[in-house]
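Asks: Here it is, the structure in full.
Every number here is computed from the coordinates shown, using simple stated rules; none is lab data. None of these values were measured; they are calculated from a predicted model. No Cβ is skipped: glycine too gets one built from the backbone with ideal geometry, and neighbour counts run over all protein chains shown.
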Amino acid sequence: MGNDHKYSLPEKGVNRENLINELEEARSADVGWKEGRSFGLVYRAGDNLDKVIRDVYTHYIHSNALDPKAFPSLKKFETEVVSATANLLNAGENAVGTVTSGGSESQLLAVKSSRDQARSERSKVGNPEIIMPASAHPSLDKAAHYLGVKVVRIPLDEDFKADLDAVRQAINPNTIMLVGSAPAYPHGVVDPIKEMGALAVENNINLHVDASLGGYMLPFMERLGYRIPPFDFRVPGVTSISADLHKYGFAAKGASTGIAVTGCAWKTGRGSATWKASPMYAANAKWGYRARRRFQKQEKKETTFGSGWNACFKKPYIANNQLSLQ
Ligand SMILES: Cc1ncc(COP(=O)(O)O)c(C=O)c1O
């Protein structure tokens, strides 16, 4: 057999010590995040928490959230993480949510749910469109590309926020969702969510807030007395929010949460008698092994569940919070 590629599987195995040494050497060229040389990418709350996260992570390396009956502990963790996040974001008791692998997957679910909702509720959605400011994260472009949704990017105003007039002008019968960020990555600025919410209500469309960065930070800043622009489910019109555990939730990569409220397609499954899927679950009744992932009503990721759970419940500021976990 030819060997045209530069690398091939080694003839002989490598012992643990050499393997670890090789890893250490390889990462010596990586950015010095422990020394604060990285603004984003790695979000870290110090050596003590780092140790806890590692311990928790190793407990769940081999677990699989595919089957919550086999791994009820993962189901329990997801339920608790989603419930606590829903509380943190003032989602109310009808909220549903899921733990995802990161901000990109949470955006994907938000776009998918809006697209599916529009397909089922509107007699005609020609070419579904989402409107978002120039600063919104490219993961939303990716989600839209995967899902056949057109992205309309609108300019920012002089404060680097979504230009409301431009949003207003861009809304048309194909619009299914507006997107605002809390905050957006490029400038750290929160979009005018309240005003965007009013436009969403007025036009009967969804408003997704990408709080991947701020979801586990802004609520605590508010409690500390900082003036935080309204961005969560208290704002009428907000239908879904993404909040990343692996950013300022300080969990291990990759973990995020997607929370949605009443009226959003996250709550309903679509499909046929044998196959159903929603952003919350996918199930196929005719597959030999009963595969069903059901996450509705705050009920899903192995190691990251553990560390996300740890981030939510082992930190004092959350432990003191009133949680309703029915
Ligand atoms: C505002 C925002 N949204 C979405 C994402 C994508 O998140 P992830 O890299 O976890 O997929 C990021 C990542 O930095 C972000 O800053």
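Asks: Could you list S212, S28, S104, S242 in order of exposure, starting from the residue whose Cβ has the fewest other Cβ atoms within 10 Å?
Replies: Working: S212 29, S28 8, S104 19, S242 32.
Lowest count first: S28, S104, S212, S242.
Asks: Separate question: Would you tally the net charge around I130, using a Cβ to Cβ cut-off of less than 13 Å, leaving I130 out, and scoring K and R as +1, D and E as -1? Walk me through the intermediate numbers first.
Replies: Details: positive: K112, R115, K142, K150, R153; negative: E129, D141, D210.
Cβ neighbours under 13 Å give a net charge of +2.
Asks: Restricting things to Cα coordinates, could you compute the convex hull volume per residue of the stretch 112-177 in Å³? Before the final figure, lay out the partial values.
Replies: Working: hull volume 4.8 nm³, N = 66.
Per residue, the Cα convex hull of the stretch 112-177 comes to 73 Å³.
Asks: Using the Cα gyration tensor of the stretch 212-264, with a ≥ b ≥ c the square roots of its eigenvalues, what is the shape: rounded (a/c below 1.5), prolate (a/b larger than b/c) or oblate (neither)? Numbers along the way, then the final one.
Replies: Working: a/c = 3.28, a/b = 1.09, b/c = 3.00.
It comes out oblate by the Cα gyration axes.
Asks: Now for a separate question. Translational diffusion coefficient, Stokes-Einstein: compute it for the stretch 1-98 using the Kirkwood radius over C-alpha pairs as Rh, at 37 °C and 0.692 mPa s, and state it as an integer in µm² s⁻¹. Working shown, then result.
Replies: Details: Rh = 18.5 Å.
Calculated translational D: 178 µm²/s.
Asks: Please arrange Y185, Y146 by counting, for each residue, the other beta carbons lying within 10 Å of its beta carbon, fewest first.
Replies: Details: Y185 16, Y146 11.
Arranged by neighbour count, lowest to highest, Y185, Y146 become Y146, Y185.
Asks: Between the stretch 152-226 and the stretch 100-123, what is the separation of their alpha carbon centroids in Å?
Replies: Cα centroid of the stretch 152-226 versus Cα centroid of the stretch 100-123: 17 Å apart.
Asks: Of the cross-linked pairs K51/K76; K6/K34; K76/K247; K75/K253, which ones have a Cα-Cα span greater than 28 Å in the structure shown?
Replies: Working: K51/K76 23 Å; K6/K34 33 Å; K76/K247 22 Å; K75/K253 19 Å.
Violating the 28 Å Cα-Cα cut-off are K6/K34.
Asks: Could you please rank E78, E22, E17, placing first whichever residue has the fewest other Cβ atoms within 10 Å of its Cβ? Don't skip to the answer; put the middle values down first.
Replies: Numbers: E78 24, E22 11, E17 8.
Sorted ascending by nearby Cβ count, the order is E17, E22, E78.
Asks: Let me ask something else about it. What percentages, rounded to whole numbers, describe P(r) for the stretch 98-221 computed over all alpha carbon pairs with 10 Å bin width beginning at zero?
Replies: All Cα pairs, binned at 10 Å, distribute as 14, 47, 33, 6, 0 percent.
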